[in-house]
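See structure below.
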Amino acid sequence: MRHERREYQRLKLSKPILATMNGANALILDVGVAGAFLEHYGTAIPGDRFQLVFRWQGANVEFGCEVARSTVVRDAVGDGSNPVSHSGVRFTEAVGDSDERLQNLIATFIGHILDAQKENAAGGIDGKESPGATILAHLGEARRMRSRGFVSCRLIDGGWLRAQTDSPRQPIDGFTVGDHEDDDEIDALCRTYESCDDEGRDLIRLISELSALRER
């Protein structure tokens with residue numbers, strides 16, 4: 001549909017995260033709540049399964065993964081070295097508290113990016129944390145609450161339309177969060193959304209997805 005984005009958003013990393021695929025080195029190029037985009041040696045085919053492990057804040061983050069698609073981006077050279085592939089993978093199972101650690105990683109990265117955008121636009125914020133980053137951090141917390149549904153917020157003709165929904169999908173003209181989020185937090189997120197460029201709005205949809213998908 002014209003006003004719907006693909007079901008899951010991904011964060012494009014300016015600096016790849018070093019990881020392992022079943023013990024072999026790999027780079028995480030993009031990451032989201034449901035999967036990642038990897039660069040690795042060798043080839044993969046859709047349906048292949050493996051364990052992905054990387055470090056965040058001094059602890060391992062580990063997911064069972066399934067390859068959704070893969071493309072060879074550099075053929076094997078004459079000395080017999082393996083080809084290099086790019087593979088999109090789905091997370092199938094989190095090990096331990098890896099779900100929470102992933103959510104924290106994404107929330108932290110997005111908060112930093114939005115802060116940088118605000119500093120560039122305002123010529124600096126004198127070291128103060130932006131309200132948007134604070135709200136994003138709150139939305140990214142794992143509160144271990146159950147929710148009955150979701151709230152869709154859409155910016156239409158300069159005004160916000162809010163509606164209860166049973167779908168966590170993110171609209172192209174706004175965002176969707178779990179309906180347990182406080183009204184004040186949603187109001188602040190709406191204000192932040194209005195002040196962002198297209199990239200910033202994509203990031204807000206991603207952090208909102210953390211709130212929404214946590215309750216599925």
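Looking across the stretch 13-62 at every residue that is surrounded by fewer than 15 Cβ atoms within 10 Å (Cβ to Cβ) and at positive phi, the one that is modelled with the highest pLDDT is identified as Gly47.
Residues that are within 22 Å of Asp97 (Cβ to Cβ), modelled with pLDDT of 80 or more and in contact with an Asp or Glu (Cβ under 6 Å, 6 or more places away or on another chain): does the stretch 189-206 have at least one? No - not one qualifying residue is present in the stretch 189-206.
Restricting the search to the stretch 160-180, which residues are part of a loop (DSSP other than H, G, I, E, B) and among the hydroxyl-bearing types (Ser, Thr, Tyr)? Within the stretch 160-180, Ser167 is the sole residue that qualifies.
In the set (1) farther than 17 Å from Thr20 by Cβ; (2) free of Cβ contacts under 8 Å to residues at least 24 places away in the same chain; (3) acidic (Asp, Glu), Asp48 fails one condition alone, (1).
Of note, Gly88 does not satisfy the criterion of being at pLDDT 90 or above and assigned to a loop (DSSP other than H, G, I, E, B). Going through (1) part of a loop (DSSP other than H, G, I, E, B); (2) without any contact (Cβ under 8 Å) to a residue 60 or more places away in the chain; (3) not small (Gly, Ala, Ser) one by one, Glu39 falls short only on (1). What about Gly96, is it modelled with pLDDT of 90 or more and either in a helix (DSSP H, G or I) or exposed (fewer than 15 other Cβ atoms within 10 Å of the Cβ) (or both)? In short, yes.
The values are calculated or read from the model by the stated rules, or taken from the named source; none is laboratory data. In this text, all values refer to a predicted model and were calculated from it rather than measured experimentally. Note that each Cβ is placed from the backbone with ideal geometry, even for glycine, and that neighbours are counted across all protein chains shown.
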